[in-house]
1. Rg to Rh ratio, region 3-181, alpha-carbon atoms and Kirkwood radius?
2. What is the distance, in nm, between label points placed 7 Å from the Cα along the Cα-to-Cβ direction at residue 333 and at residue 364?
3. Tell me the net charge near residue 327. Cut-off is 12 Å between Cβ atoms, residue 327 excluded, with +1 for each Lys or Arg and -1 for each Asp or Glu.
4. Suppose a student asked you for the relative contact order of region 3-181, using Cα pairs under 8 Å spaced at least 6 residues apart; what percent would you report?
5. Under a 5 Å amide H to amide H cut-off, with H placed in plane at 1.01 Å, what residues pair with residue 82 once short-range neighbours are removed?
Amino acid sequence: MDRCVVLVDAGYLLGAAASLLAGEPTRSRISVDHSGLIQALRRQAEADTECALLRIYWFDGAPDRVPQPEHRRLRVMPRVTVRLGALTRSDGRWAQKGVDAAMHAELTELARNRACSDIVLVTGDGDLLPGLMSAKEHGVAVHLWAVQAADGDYNQSEDLVAEADERRVLDRTWITPVVHAKDFTGVCAPQPAPRPEIAAILSAPLPETAKNANGAVQHGSDSPRASEGESPTEPPAPDGRSEDAPDTGGRAGPGGGPAPRPEGVPTPKDLAGLGRPTPGTAPANGPAPGATLRWSSDRGWVERPAGESPETAGLPMLAQLTTAEQRWADREEDITAVSGDPFEVGQVFARRWIERLIVPVHLEQLSGEYPRIPHRIDGELLRYAARFGLLAHKDDQIDEHDRYAIRAGFWREVDARSGSAAERAPAGE
């Protein structure tokens with residue numbers, strides 16, 4: 001059948017592109033227009049093989065095989081299928097597991113079933129040599145594509161090159177329209193320090209821990225799987241800092257000061273203009289004596305009051321505002337349109353909650369709680385984020401940066417919606 005299939009080893013393609021454009025094979029050094037890259041691969045494959053494209057298979061690694069934001073974007077594109085192997089860390093380096101085996105299996109299966117006449121391989125791994133030879137024996141023409149090597153030398157197995165029917169080199173001119181080296185010249189802050197281990201956080205009692213009537217000690221948890229109606233709480237300062245000290249999450253800026261505030265996150269000056277407490281200050285209703293829990297919504301230490309007001313405790317959860325039809329539509333949007341970026345996840349959750357409110361005043365009640373998201377809503381937000389593989393335990397560490405970005409996205413959407421509502425309100429209300 002006169003159709004072509006493209007098998008892409010993403011680790012090879014993007015790693016070699018990073019070497020060529022940024023000088024080192026680290027994918028974090030480049031930004032990729034995935035939609036543009038897929039279209040470029042399709043056009044080139046159809047031109048080289050003179051066949052219509054059947055499908056592009058994108059093989060990549062991911063921690064615990066959980067799709068990352070780029071995988072979520074790719075897998076909903078037309079004619080693209082994503083296959084994930086495991087991504088493990090050994091001796092300080094990341095390594096893919098199972099990707100070569102998956103490519104080999106797909107290659108031989110396509111050829112055996114005569115699903116296509118031509119197969120394009122974008123890889124440099126010699127482990128695929130048996131699969132390539134098997135495909136040729138089944139009458140399939142194999143095209144091997146390489147990425148131009150930074151040093152001008154081969155970055156592919158010579159045996160693989162020798163067995164291929166056709167070969168193409170994707171040079172700098174071909175790559176640069178869809179892949180760009182990131183500019184790190186303006187970054188002067190050092191790399192983030194290692195985050196606390198999960199075991200240390202979960203085993204440490206909270207400062208206000210007290211024994212209940214039965215003598216049992218109550219502990220807090222920062223797990224996204226907190227009990228229904230309870231918001232995960234953040235751990236106390238490990239180094240004995242005052243709760244009013246700014247929280248940099250282990251990240252220091254130039255001269256030892258706080259790290260730069262991420263783009264789009266309100267500054268203390270912005271908060272003052274909104275009539276909200278600035279980072280490091282207690283809510284207006286006053287804290288409970290000795291309370292030292294912090295909320296990472298604004299990267300500042302905020303004392304937690306003894307309890308929520310009846311109005312705040314009565315704010316509806318998103319699940320209560322969502323019909324069965326909306327649940328189905330939400331899941332469809334999550335799968336097809338939400339990339340899984342932490343900031344975006346917080347925005348999507350807040351947008352749905354606000355749009356479905358029956359009592360408009362609830363938005364102003366929520367807005368007045370900044371930076372503290374009410375318990376039940378915060379717990380629901382983090383459970384929603386967990387669907388996208390966020391908040392996962394990576395290398396025995398808690399990714400607090402993701403939690404911060406999720407809550408920052410939530411408040412940014414609340415700010416935008418509450419501001420619009422205020423502008424629409426008649427004068428004197």
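FYI, it's all coordinate maths here, none of it is from the lab. For clarity, every value in this text was computed on a predicted model and none was experimentally measured. Cβ: placed from backbone, ideal geometry, glycine included. Neighbour counts: every protein chain shown.
1. 0.93
2. Here the modelled spin labels are 2.6 nm apart.
3. Within the 12 Å Cβ shell, the charges total -2.
4. Reported as a whole number, the value is 27 percent.
5. The list, which skips near neighbours in sequence, is 58.
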